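What follows is a structure written as structure tokens; I'll ask about it next.
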Amino acid sequence: MSLFALLALGSASALAQETRYISDTQYIPVRSGAGNDYRIIHRGLPSGTRLTVIETSDDGDWAHITTGDGTEGWLRAQYLMSEVPAATQLEQVRSSSEQLRQRNSELETQLSELQVERSELSTEMGDTGAELAEVSEELAQLKQISGKAVQLDTDNRRLTEEAESLRAEVGTLNAENQRLQDKLQSGQFIDGALAVLLGVIITLVVPRLWPKRRRSSSWA
């Protein structure tokens, strides 16, 4: 056998051993009755279509079905299965996987945003802590000032009361002083009057008490 023939035979064997898969996608026609002689009312339901079996033919080859969109008719019972076809399940798994990937991406984005917010909140908390310390210090100072203000108010009230008492005493002393001045002026007036009266008496009486001198006569 020539080398070319051997190569051709090896190539044919390789092609014969390749694996092939039959597509799981089928389109089953729906007929108006249980038999191929009845007219087709639906060109074909795709694989994985969910339907309800109303009844089956006497020989069990045909099933009377209805679908969720209202299609009703007969189709071969051999194409019906109790579980979702593998291709449909795979598509559902792929769809769920894609949804999970999208959800995971959204969660990662949210996590990144939350981390940024957490960092910002930590910074704000630090600033708030510093502001709180400043406010606490100001509050302590205000308490000290308030305590001093209360003491000053107490001292002010006490001094006001003492001032009022002193004013009352000054008023009393002024009244007593005025009374004494009036009394003194009255006494001085009496003393003056007595002095004047005494002067008048002396002027009128004393000359009379002394004997009069006789006038010397020019004849003597």
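Give me the number: length gained by fully extending SER97 to THR160, i.e. 0.36 nm times residue separation minus the C-alpha to C-alpha distance, one decimal in nm. Write down the numbers at each step before the final one.
Details: separation 63, 0.36 × 63 = 22.68 nm, distance 8.80 nm.
Extra length available between SER97 and THR160 comes to 13.9 nm.
Would you calculate the volume per residue, in Å³, of the smallest convex hull containing every Cα atom of the range 25-80? Please report the intermediate quantities before stating the final value.
Details: hull volume 3.9 nm³, N = 56.
Dividing the Cα hull volume of the range 25-80 by its residue count gives 70 Å³.
Quick check for me: using +1 on Lys/Arg Cβ and -1 on Asp/Glu Cβ, what's the dipole size of the range 25-80 about its Cα centre, in debye to the nearest 20?
Working: 5 positive and 7 negative charges, 59 e Å.
Here the range 25-80 has a charge dipole of around 280 debye.
Test of understanding: extend the Cα→C-beta vector of ALA195 to 7 Å, then name every residue of the range 149-185 with backbone N under 17 Å from that spot.
184-185
Readers should treat all values here as calculations from the given coordinates under stated rules, not as data from a laboratory. Note that this is a predicted model, so its numbers are computed, not measured. Every residue, glycine among them, receives a Cβ derived from its backbone with ideal geometry; neighbour counts consider all protein chains shown.
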